[in-house]
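Q: One structure coming up, written as structure tokens, with questions to follow.
The values are calculated or read from the model by the stated rules, or taken from the named source; none is laboratory data. As the structure is a prediction and not an experimental result, all values here were calculated from the model. No Cβ is skipped: glycine too gets one built from the backbone with ideal geometry, and neighbour counts run over all protein chains shown. Accessible surface is based on the protein model in full, side chains and every heavy atom, while ligands, DNA and RNA are left aside. Shrake-Rupley method; radii C 1.70, N 1.55, O 1.52, S 1.80 Å.
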Amino acid sequence: MVELNRELFEKIVKVAQSRGFVFNSSSIYGGLRSSYDYGPLGSILKKNISEEWWKSLSSNPDINIYPIDTSIIQSSQVWKASGHLSEFSDPLVECKKCNTRLRSDMLNDLSCDCDFPEFTEPKNFNLMFSTNIGPTENEDSKVYLRPETAQGIFINFENVQRTMRAKLPFGIANIGKSFRNEITPGQFIFRTREFEQMEIEFFCKTEDSSKWFEYWKEKRMQWYHSLGISKDYLRFREHNESELAHYAKQTVDIEFLYPWGWGELEGIADRGKYDIEAHQNASGKDLTYFDTEDNLKIVPNVIEPAAGLTRTVFALLCASYKEDNVNNETRNFFSFNFNLAPVQIGILPLSKKDNLIKLANEINNMLLGKYRTEIDVTQSIGKRYRRQDEIGTPFCITVDFDSLEDGKVTIRDRDNMQQQRVSIDKLLKFFDKD
Ligand code: GAP
């Protein structure tokens, strides 16, 4: 395990930015603070993680999970009923001299650039972004960008249950952008104002809620391990009563060891009946479930594993960043699992001679439909290996002049740099085992 620290954090950010994972947003205009765009490699990595998340839910025989894709702008009534309009805020203090605004609950030492700062009393600052729909701006046209994907699930609970004829226990999974006007965003893509979440609301009978809470704790932890994040980087942390969100009866965080220490990666909460009851009361609609076993209408209990997709990208970059020493030079690479790597196979013809390029293209065409490949022809072979290491490509295929004679290529393994000759007609079989 590489020990994470600030210096290492800066290296990871530098590779991520220089190699096309993440760009500063609006950079040609000087950037927009704490906003990021995902480049070609970052967007593939993010998509691969979200696909693994969905695969882990849809291919699990123990549970029944329905996907849903809900709008970012929902009726303001949703946020009133859910409690977000009144409760979703952070305590904000402001220095009266320089007007720096800070979250008073997150900092041990409140500080700004003033020698003798003078802070206001904390006041609650609502984290939701608002905008208006339609041409007029007034209280009736005011709407909010969703601060969590979860509410889209609760307001569709009855739609999904009825149309899918779903029986308890079952879950609904929603993935997409959420927006929070964070007072102190930062630490690269760890905390941003626009980010992506992957949330599951799992509906069950109240008497089964403890069992499902434990089930999800284990399942979600295993999922992070399956991404290749080592156990040393992960732990559970139970919320104490004062930390619990307004809707939660119990919450356990899956924490990750970030370069600056342990912090939240995912929250698993027992939300009880809070949300369904809140929307039922506010909308006046019957959102109960008819329990055919007991012949009565019930409001189900909800267990919520709430993960951050963009935060998982960051955790994976941190956990996968490795350095070793090769010929007295530091080599750095991301040790991404084969299924997650943005480029799985680099194809490197030894020279730009036409016959080598032609063979490299033929090999690429053979692998393309099945794997994410990249042909790289520029610079020395050593530099090209380093570049593929840096972006986390698990294998490189080198096409050399012998390949034209013996129909074999050299496969180099990113992690141990070992090389082996493999027949071109056995390549598909070779990668199949990964
Ligand atoms: N529905 C419950 C909920 O949203 P949360 O703990 O506020 O719970 C869940 O958010 C996850 O979303 C977090 O564990 C984190 O991974 C991610 N997340 C929350 N705020 C974020 C932000 N500002 N930037 C990036 N990710 C964030």
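Q: If you take the beta carbon distance between Glu51 and Glu118 as r and set R0 to 41 Å, what does 1/(1 + (r/R0)^6) give as a FRET efficiency, to the nearest 0.05?
A: The computed FRET efficiency comes out at 0.20.
Q: What figure in square angstrom, to the nearest 10, would you give for the accessible area of Ile72 with a 1.4 Å probe?
A: Roughly 60 Å² of Ile72 is accessible to a 1.4 Å probe.
Q: Calculate what fraction, in whole %, of the accessible area of the chain sits on carbon and sulfur atoms when a 1.4 Å probe is rolled over the protein chains. Kindly include the intermediate steps, with their values, before the conclusion.
A: Numbers: 9930 of 21300 Å².
That share works out to 47 percent.
Q: Loop only per DSSP, at most 11 neighbouring Cβ atoms within 10 Å: give me the GluC sites (Glu not before Pro) in the stretch 1-61, ordered by residue number.
A: Those satisfying the criteria are Glu3.
Q: Let me check something: with ligands and nucleic acids excluded, how do Lys142, Lys55 order by accessible area (1.4 Å probe), largest to smallest?
A: Descending accessible area places them as Lys55, Lys142.
Q: Pop out the ³J(HN,Hα) list for the stretch 162-171 in order, Karplus 6.51 cos²θ - 1.76 cosθ + 1.60 with θ = phi - 60°, rounded to Hz; leave Gly and Pro as x.
A: Whole-Hz 3J(HN,Hα) from phi for the stretch 162-171: 6, 6, 9, 6, 6, 10, 5, x, 8, x.
Q: Sticking with this structure for a sec: With every protein chain left in place, what is the accessible area of Lys177 in Å² (1.4 Å probe, nearest 10)?
A: 80 Å²
Q: Now for a different question. Which of the lysines could be linked to Lys55 by a straight reach, that is with a Cα gap under 23 Å, when you skip same-chain ones fewer than 8 residues away?
A: Straight-distance partners of Lys55: Lys46, Lys47, Lys167, Lys177, Lys211, Lys217, Lys219, Lys231, Lys370, Lys433.
Q: Applying a 10 Å radius around every beta-carbon, put 258-264, 166-172 in order of their mean neighbour count, most first.
A: 166-172, 258-264
Q: Per DSSP helix of 4 or more residues, -39500 (n - 2.57); summed, then divided by the residues of the chain. What does that give at 222 nm, rounded to the nearest 500?
A: My calculation for the chain gives -9000 deg cm²/dmol from helical runs alone.
Q: Can you give the accessible area per residue of the stretch 217-275, in Å², using a 1.4 Å probe?
A: Heavy-atom SASA per residue in the stretch 217-275 reads 43 Å².
Q: From largest accessible area down, sort Phe430, Phe116, Phe213; use a 1.4 Å probe on the protein chains. Write down the numbers at each step before the final one.
A: Working: Phe430 25, Phe116 160, Phe213 5 Å².
Descending order: Phe116, Phe430, Phe213.
Q: How far, in nm, would the chain grow between Asn327 and Ser43 when pulled straight, counting 0.36 nm per residue and subtracting the alpha carbon separation?
A: Full-extension gain reported as 98.9 nm.
Q: Would you work out which of Val160, Thr398, Thr330 lies farthest towards the positive end of the dipole of the chain? Charges go on Cβ: Lys and Arg +1, Asp and Glu -1.
A: Thr398
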